Every structure is written in structure tokens, then in C-alpha cells.
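Below is one structure, written out as C-alpha cells; the observations come after it.
The values are calculated or read from the model by the stated rules, or taken from the named source; none is laboratory data. None of the values given here were measured: they were computed from a predicted structure. For neighbour counting, all protein chains shown are included, and Cβ atoms are generated from backbone atoms with ideal geometry for every residue, glycine included. Note: areas computed on protein heavy atoms with side chains; ligands, DNA, RNA excluded. Shrake-Rupley method; radii C 1.70, N 1.55, O 1.52, S 1.80 Å.
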Amino acid sequence: MSNLNDIYQEMILDHNKSPRNFKQMENPTQHLEGYNPLCGDKLTIYLCIKDDIIEDISFTGSGCAISKASASIMTDKLKGKTKLEAEAVFHAAHDMLTGKIKDKDDILKQGNLAALSGISQFPMRIKCATLAWHTLHAALNGAHQTISTE
Amino acid sequence: MKKIPQTPFDVNQIRRDFPILSKKINGKPLIYFDNAATTQKSEKVIDAVCQYYKYDNANIHRGVHTLSETATAIYEKTREKVKTFLNAKESDEIIYVRGTTEAINLVANSYGRQFLEEGDEIILSEMEHHSNIVPWQQLCDEKKLKLRVIPINDKGELLLDEFEKLICPRTKFISIVYISNSLGTINPIKQIIHKAHEHEIPVLVDGAQSTSHMMVDVQDLDCDFYTISGHKLYGPTGIGVLYGKKHLLEKMPPYQGGGDMIRSVSFKKTTYNVLPNKFEAGTPNIAGVVGLGAAVDYINTIGLDVIAHYEHDLFKYATNTLSNIDGLKIIGTAADKTAVISFLCGDIHPHDIGTILDHNGIAIRAGHHCTQPLMERLGLTATARVSLAFYNTKSEIDYFAESIPNLFRIFS
């Protein structure tokens, strides 16, 4: 049986309550809107990338605790990373959220991302958590149009 | 017309008729509060569908063999049952469809394409389900028509004065929901129809939510079209009904072409069948019809008036209970309401409310309820929604209420 504490971990609740980098960026080099048509949640990811390094990253939008915390943890994790490193983090997060990383040690190696690992047990909520990551991934790959989880 | 119940309403007895209600979810007894999305099925309905597939399965209107005759008889007998249930004048006015969505699409495509012309206007309301918006928008795009929308007040009631102002010589159709799936508002449908008919405007009533909660008499309402989703009426999914006044259905072109809807086919010319077959192309959902018939029988043995009375009492109890929960806000406070309570808990997102309540075995709906324009009007992206049926109990509502403080604790 899935456990409520697996999904609403302390770190998730904390990032939901006080999301990091939760602001519109003045002069982003890229920004992209992500939309989950199933629930109507929308968020925008802002990036300031110079010489392939993510110098700044932020987000705005409305969503559930899972989508907000996931976006917040993501921005925390990616600030200062190169685009290539960010791509690797995206894949790690994606594998975590979709339950592909199962080994406990492998999960713990991911640092803060580990907080997202319990979400995979709640299939109806996975898209809440992946919204920010898919939006980021599309933005890094040069997308300009709103992306959708569906 | 409707049978008087033999015994007083006993909810515990009723609950034993629904096998799913004894199920445990996440180790807790299931509390099913998502009846506006779909209702549960009684053993009678499940058995009827099983019985049909096991012993009566054959195609209808085709074979001369005994099984086909039996299947055809059940299929047509159910049409009679639905006719009586809605108090339609004739059984030809009962068209089987997949559900309300298909019923509205049928009317938009058939009536709308045939009789509406460029510049004509269609009136809907701000609280419509997407299924009563999108088919009309598609028609508007195709035929260059205009959609006009009846606004609502903050309580979730239609502004009837505004409605009357929207009526003009170009108004050629009104399509409106009886009970809002998001707010529970019961719209003054009879009054709207009366006003529309003064201007000879036909009215479609979206009865997806209303049919299970109140007695509906299509002749008394004088609606031109009425739609039903079987699965919201304790019947199977994939079956529903379009009621239409015969003189309108007769002049409407077929919606889909295929078997059963024709009189004769040649490559030079095809002639169409009469009502109701004209609108029932292809092998229909016969098992669904069987299940729908069993659902109507089941409801009739209890009595829709008895159901409505019990549900309204339950609804009032739920509204009072929820109103007394600190931090919980009810969305939609129309004077005339039933069965549905949308709510918010502080700034906790409805999806989080849904997940946490599910952990207590409580199934609610969270989201925009396929009414995004309504959500936008209310300045919301989503609500949590409790929707009741006659197998729900006051103790379930109490348990629900006791679960809310934990929700606030988690997000404190």
C-alpha cells in the first residue's frame, strides 16, 4: 500500500510552503510555459543561460504541492549547472518520478531529488511532478510554444 | 407512473445492493463521493448485463432466429421503459446514444447543420460542461454562427435578466444544463424553456446530472431535447439517451450512416429508416441498453421521489457539516442546489486534497470538472468536489469532515 508520507515528504511540504526561485525573471534568455490539461495547472520556467551555463533559473505559476515542490527542487538543483549537466539531471529526475530508479542507494545518490521518489507510487500524480521537468527540457531544447503533459 | 416503494427507505439495505460499496480502499472502507463523475452499479444492473451476454446475446433487428428476437425485444422494451421514465409521448422519441456528449453532438451536427445559418446565434450558459460548449463551437466555426453566454452571479446562479436580453431574432437554439456538475445549481429550466418558446427557440436540456436526482417529465418541462448518460444513472458506461420531440427528430437528417438507419441502399440513392432507427446506425450497445433498463427498473422500485427526498436531506446535512469546518469554503451557494458540493481548503490545491482523502478511502473529484469557463468566471483553476448519491450516508459525511483537520495539519 502506498504511504501518504512517501508523497508528502517533509521536503516536498517545505518546498511547497516556501518555494525557491519562485519569481518572474527580468531578462531571461529563455522562458517557456508548461500546461497540464488534465488539471489546468500552468507554470512558466525562466532561464538565464550564458556560455552554456544556467546562471539563473526561476518559475511562476499555480499548481498543487507536488508540481510546485518539484519545480522548486528543480530550480535549486540546476542553478550553476551546464546545459549538459542539466540534461543529465532531467533524465535522473524523470527516471525517479516514473519509478525506474528503485534501488535505495541509487535514490539517495540523487540528493534532494530523492524527495521526489515516493511520487512514483501515486500514478495519478506523476504528471504533476513531471510538468516542470518537461517544460525545462523543452526550453533547453529551444522550444517556444507552450508544452503540454498530454 | 412511478411505483410507490414497498418498504421505507433503508440506506443500509440499499448499500447491500451495490457490491463495490463493501470494498476497502487503502485499507479503509470506500466512501464514494464522486457520483457526478459516474455512479456505482447495483447487482441487478451487473447481473442483467451478465445474463444478456451469457444467455441472450445476438444482434438486434437482423436475424429471424429466436435469440435475435429476444435481444430485439429487450432492446425495444427498454426504450418503452425510458419513455415512461421520462414521460415522453412516444417511444420513437427515445434515441440510444453513447451518453450526453454524443447526444449533444448529434443535435449540433444534425439539427444545427440543417437549420442554423450564418449569423444565427446559440445561447449557452457560463456553467456548461465542455460537452455542451465544444460541439456548438465547432458548429459555430463551420457555419459562422455566434455563441452567446448567459452569465452567472457569484453564488453560481444564472442571471435570468441577462438571459432575456440575449434573446434576439437571430437566436435559433438554446442548450443549457439542468444541474451544474461543478456547483450543484439547479437551473430554472422550465422558466427558461417557457421564455425561449415565446420566441419559438428550441431548447436542449443537458440532463447528465439531473436525471438521477429528480423526477424529470419532458412533457411537463416542454423541452425540445433532453440528454441522459446511463452511467450517471446507475447504469453502464457507453449508453445514454437523446430525447427529442418527434416533429423535430423527424425533420432532422441522420447523424451517422450505416446499417439499421437505412430503408434501402443502392449506389444511386439511399433512403433512410424511420425514427428511432434513423439515428441508430450500426450495431448499438445492446448490453448497455440492457443494463440501462435494469437501472431504470431498480430506480423505479425505490422511487425517484423517495431518492430525491433522501438525497436532499443528505445534501443539506453535508452542506451544514462542511460549512462548520474551519478553513473550508464552499464554492457555489445557489438557493436551489442539490447533490454537489464544490469546496476549497485554504490554499491547499484540490489535487492534494484528493490524494489525502483517497488515503482515507474517500473518493472525491478534484480539478476543473470539465467546466473551465466556469472556473475562469469564479477566478479558480480547480475545486475539490463531493457529489452524493442515495447510497451515501450521514456517517460517511461525518467521517469526511473528521478527515479535513488532518489535511490542514499536513500543510500547516
Ignoring ligands and nucleic acids, what accessible area does A:Ser72 show with a 1.4 Å probe (Å², nearest 10)? 0
Chain-alone versus full-assembly comparison, region B:390-412, residues with accessible loss of at least 20 Å² (1.4 Å probe): B:Ile410, B:Phe411, B:Ser412
Computed label-point distance, nm, for sites A:His91 and B:Lys251 using a 7 Å Cα→Cβ extension: 6.6
Can you show me the helix-derived [θ] at 222 nm for chain B, built from DSSP H runs with n ≥ 4 at -39,500 (n - 2.57) apiece and divided by the number of residues, rounded to the nearest 500. -11000 deg cm²/dmol
Under the Karplus relation 6.51 cos²θ - 1.76 cosθ + 1.60, θ = phi - 60°, what is the ordered set of whole-Hz ³J(HN,Hα) values for region B:12-23, x standing for Gly and Pro? 5, 5, 4, 4, 5, 6, 10, x, 5, 6, 9, 6
Region A:2-148, relative contact order [Cα under 8 Å, separation at least 6], %: 30
Just flag the trypsin sites (Lys or Arg not before Pro) in region B:19-108 sitting in loop per DSSP whose Cβ has no more than 13 other Cβ atoms within 10 Å. B:Lys23, B:Arg62, B:Lys89
In Å², nearest 100, what accessible area do chains A and B bury in total when the solvent probe is 1.4 Å? 1400
Where only alpha carbons of region A:2-148 are counted, the Rg and the Dmax (Å): 14.1, 43
Averaging sequence separations of C-alpha pairs under 8 Å and six or more residues apart, then dividing by the length of chain B, give the relative contact order as a whole percent. 23
Unit charges at the beta carbon, dipole of chain A: most positive-side option, A:Ala92, A:Ile119, A:Tyr46: A:Ile119
Solvent-accessible heavy-atom area per residue, rounded to whole Å², over region A:2-148 at 1.4 Å: 46
Helix runs (DSSP H) in chain B reaching 15 Å along axis by Cα, Kyte-Doolittle at least 0.5: B:286-302
Using a 1.4 angstrom probe and counting only protein chains, how large is the accessible area of A:Thr130 in Å², to 10? 10
Calculate what fraction, in whole %, of the accessible area of region B:116-208 sits on carbon and sulfur atoms when a 1.4 Å probe is rolled over the protein chains. 47
Per residue accessible area in Å² of region B:266-393, where ligands, DNA and RNA are left out and the probe is 1.4 Å: 35
I need the phi-derived Karplus couplings for region B:210-222: 6.51 cos²θ - 1.76 cosθ + 1.60, θ = phi - 60°, integer Hz, Gly and Pro marked x. 6, 4, 8, 10, 8, 6, 10, 10, 5, 6, 5, 5, 6
Taking alpha-carbon centroids only, region B:29-95 lies from region B:204-236 a number of Å equal to 16
Report, to the nearest whole %, how much of the accessible area of chain A belongs to carbon and sulfur atoms, 1.4 Å probe, protein only. 49
Consider just the alpha-carbon atoms of the protein assembly as shown and return their Rg together with their Dmax, both in angstrom. 26.2, 81
Threshold 30 Å², probe 1.4 Å: give the residues of region A:1-49, in number order, that are less accessible with all protein chains present than with their chain alone. A:Met1, A:Leu4, A:Tyr8, A:Leu13, A:Lys17, A:Cys39
Ignoring ligands, DNA and RNA, please state the percent of accessible area on region B:1-103 from carbon and sulfur, probe 1.4 Å. 53
Computed about the Cα centre, the charge dipole of chain B from +1 Lys/Arg and -1 Asp/Glu charges at the Cβ has a magnitude in debye, to the nearest 20, of 840
Heavy-atom accessible area ranking, 1.4 Å probe, most first, across A:Glu26, B:Glu198, B:Glu311: A:Glu26, B:Glu198, B:Glu311
Radius of gyration and Dmax over the Cα atoms of chain B, both given in Å: 21.9, 73
Rounded to the nearest 0.05, what FRET efficiency do A:Ser18 and B:Gln138 have when you use their Cβ-Cβ distance and R0 = 56 Å? 0.80
Top mean-square fluctuation among B:Val216, B:Val205, B:Val11, Gaussian network model of chain B, C-alpha springs under 10 Å? B:Val11
Rounded accessible area of B:Thr319 (nearest 10 Å², 1.4 Å probe): 40
Quick one: if the Förster radius is 25 Å, what FRET efficiency do B:Leu147 and B:Gln114 give, using the C-beta to C-beta distance and rounding to 0.05? 0.85
Between A:Gln145 and B:Arg409, the FRET efficiency computed from the C-beta separation at R0 = 35 Å comes out, to the nearest 0.05, as 0.30
For region B:327-411, what percent of Cα pairs sit more than 15 Å apart? 59
Explain nothing, just compute: Karplus ³J(HN,Hα) = 6.51 cos²θ - 1.76 cosθ + 1.60, θ = phi - 60°, for every residue of region A:54-61 in order, whole Hz, x for Gly and Pro. 6, 6, 8, 8, 8, 8, 9, x
Rounding to the nearest 20 debye, state how big the charge dipole of region A:2-148 is about its Cα centre with +1 on each Lys and Arg Cβ and -1 on each Asp and Glu Cβ. 280
In region B:260-302, which trypsin sites (Lys or Arg not before Pro) fall in coil by DSSP and have 10 or fewer other Cβ atoms within 10 Å? B:Lys268, B:Lys269
Could you give the distance between the Cα centres of region A:1-78 and region B:123-154, to the whole Å? 35
Solvent-accessible surface ranking, highest first, for B:Asp352, B:Asp358 at 1.4 angstrom: B:Asp358, B:Asp352
Probe radius 1.4 Å, ligands and nucleic acids left out: which of B:Ile46, B:Ile341 has the largest accessible area, and how do the rest follow? B:Ile46, B:Ile341
